[in-house]
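One structure below.
No lab work stands behind these numbers, since they all come straight from the coordinates. Since the structure is predicted, the reported quantities are computational estimates derived from the model, not experimental observations. With ideal geometry, Cβ positions are generated from the backbone for all residues, glycine too; neighbour counts draw on all protein chains shown.
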Amino acid sequence: MNMKTPRAMPPRSSGFTMVELMIGVAILGIMAGFAAPAFRDMLVNERVKSASFEMIAALTLARSEAVKRNVAVTLTPTSAGTDWAGGWTVVAAGPTTLNTQGAFSSVIITGPTSFVYNRSGRSSSATAVTFQIASATGSSTITPRCITMGTTGQPKSVKGSC
């Protein structure tokens, strides 16, 4: 009878095999593929919200400066027409530039050709003025914002379309 002596097994290394690593990378790639569109929509939603906050801040500044300086203060888009997404300027009579806002990407801001606060801080318009801030991507998951000002001139922002 031939007895074989048991050989000592080489110590098994503790780690991952190539197959296990490939499966892990594939699962990670699939999860990233599902998360990317939601992440993009979240970024655009935050841009819409940020543009809304910046517009409210500019309107509040213009109103307070009109009262403080006792002159008319005008908010106008930097580009021609009613395209406020390209940025805007706040100008007091004189002309003194009080504030300049840069352009916003992935956002559409529509409103009047300009907005004027008279020296009492009220709107020079006889009717309510609205600014619509929405996504330029056209995604239905992005919530637009609406900024309205009545004749008192106090800006108010709400979620949803105007």
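Across segment 125-134, coupling constants 3J(HN,Hα) worked out from phi with the 6.51/-1.76/1.60 Karplus curve, θ = phi - 60°, read 7, 7, 10, 5, 10, 10, 10, 9, 10, 9 Hz, and Gly and Pro carry x. 3J(HN,Hα) along segment 88-103, derived from phi through the Karplus expression 6.51 cos²θ - 1.76 cosθ + 1.60 where θ = phi - 60°, amounts to 8, 10, 10, 10, 8, 4, x, x, 10, 7, 8, 7, 10, 10, x, 6 Hz, with x in place of Gly and Pro.
Across every direction, the projection of the convex hull enclosing the Cα atoms of the chain has a mean area of 16.3 nm².
Distance from the alpha carbon centroid of segment 16-40 to that of segment 56-86 works out to 48 angstrom. Charge dipole (Cα centre; +1 on Lys/Arg Cβ, -1 on Asp/Glu Cβ; no other charges) of the chain amounts to roughly 380 debye. Between Asn99, Ile30, Thr127, whose Cα lies farthest towards the positive end of the dipole of the chain when Lys and Arg beta carbons carry +1 and Asp and Glu beta carbons carry -1, centred on the Cα centre? So the residue we want is Ile30.
Sort segment 89-162 into rounded, prolate or oblate with this rule: let a ≥ b ≥ c be the square roots of the eigenvalues of the Cα gyration tensor; rounded if a/c is under 1.5, and if a/c is not under 1.5, prolate when a/b is larger than b/c, oblate otherwise.
Working: a/c = 3.11, a/b = 1.54, b/c = 2.02.
Taking the square roots of the gyration eigenvalues as a ≥ b ≥ c, segment 89-162 is oblate.
Taking amide H as placed 1.01 Å from N in the peptide plane, Ser135 has its amide H under 5 Å from the amide H of Ile108, each at least 5 places away in sequence or on another chain. What is the angle, in °, between the Cα long axis of helix 18-69 and the longest principal axis of the Cα atoms in the chain? Nearest 10 is fine, range 0 to 90. Its long axis makes an angle of about 10 degrees.
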